[in-house]
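Structure first, then comments.
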Amino acid sequence: MTSDDDTAAPREARVSVPALGVRALRVAPEAEPRETLALHRPGISRVHDYFLGGKDNYAADRDLAHRILRVLPQAAESARQGRAFVARAVRALAGRGIRQFVDLGCGLPTADNLHQMAARHTWGSRVVYVDDDPLVIAHARALLIEDGNIAALRADLRDPAAILGSPEWRRLIDPREPVALVLSSVLHFLDDPHGPVAALGEAVAPGSALVVAHATADFAPEAAEATRLYREASGVPFVPRGAAEVERLFDPFTPLAPGVVPLTRWSPDPAPPARPASARPASVVPPPSRPALLYCGVGVRASA
């Protein structure tokens, strides 16, 4: 949530279902119990919201984002590319008949959310948004719940049993049908993501899918400095991983072509023949000139 005066951001606030642009937060009767938020410290979802051009962020979030951008100027572009990757992945999975999606670590609502992506490609999709940030869930419940096929669950990814046993999961996710587990730009905030991913993967039906976008320092060594800034300012772990480590997250899912690759290289469509730059029409945008910050991939669990 922005203000013309960044210094006016409050040091703490109460959780509510807020209207955009409103700073004073009060708990709605149906929301979580009142809880104090330390808004003087940057938050994962709010920093990401700033990178995406959103308005639901505070001075501390913008300050950290600016410091990261000085080290990694492509950070905001990478965040936007991450959303585009999720849209491509949802299109590919809808084409395989998947109608159930769980957005784990969903973050604040954006201009194009997962249920909207799914609705463009499949009829009757069901979506559960999951995040442990009460402010995120307050926004999701206020802005995203359009009908009975969408739910927002406050839960910690490190507790997969609570997610799988929640009323939201049991109501919307049919255990007999495949489901897409979407983990975009969230697993690098866990010291050990393998346990939660494995537990969720074991619980879903054959034909289910895993969608992952994960931070890496393989192509941009300066990402290590951005990681330090993020960790020190937010108090949240931030662990970039290499390709082999990200690939291990997919067990027992089999990555679809082109496998686990730098962010902009993943597409469900065959690559067009390469053409020299001089032959490209002016409307064709060239690939990013800066090193990639994310690996991504989509895996499918073998059918029984």
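Values in this text are rule-based calculations from the coordinates and carry no lab data. All values derive from a computational prediction rather than experimental measurement. All Cβ positions, even for glycine, are placed from backbone atoms using ideal geometry, and neighbour counts span all protein chains on display.
Quarter the surface of the alpha carbon convex hull of the range 92-232 and you get the mean projected area, 9.3 square nanometres. Using R0 = 51 Å, the C-beta based FRET efficiency linking V71 and R176 works out to 0.60. Of the GluC sites (Glu not before Pro) found in the range 205-275, the ones in coil according to DSSP and having at most 16 other Cβ atoms within 10 Å of their Cβ are E222. The phi-based Karplus calculation (6.51 cos²θ - 1.76 cosθ + 1.60; θ = phi - 60°) puts the 3J(HN,Hα) values of the range 222-238 at 5, 4, 5, 5, 4, 4, 4, 4, 5, 5, 5, 6, 9, x, 9, x, 9 Hz, whole numbers, x for Gly and Pro.
Each of T110, T254 was scored by other Cβ atoms within 10 Å of its Cβ. Arranged with the fewest first, they read T254, T110. Here's the picture: charge each Lys and Arg Cβ at +1 and each Asp and Glu Cβ at -1 in the range 37-148, and of V71, V127, A59 the one pushed furthest to the positive end of that dipole is V71.
Sparsely packed loop sites in the range 79-154 (the chymotrypsin sites (Phe, Trp or Tyr not before Pro) outside DSSP H, G, I, E and B with at most 14 other Cβ atoms within 10 Å) comprise W123. What the Cβ-Cβ distance of D251 and D63 gives, at R0 = 45 Å and to the nearest 0.05, is a FRET efficiency of 0.70. Computed from the C-beta positions of L143 and A244 and an R0 of 45 Å, the FRET efficiency is 0.70 to the nearest 0.05.
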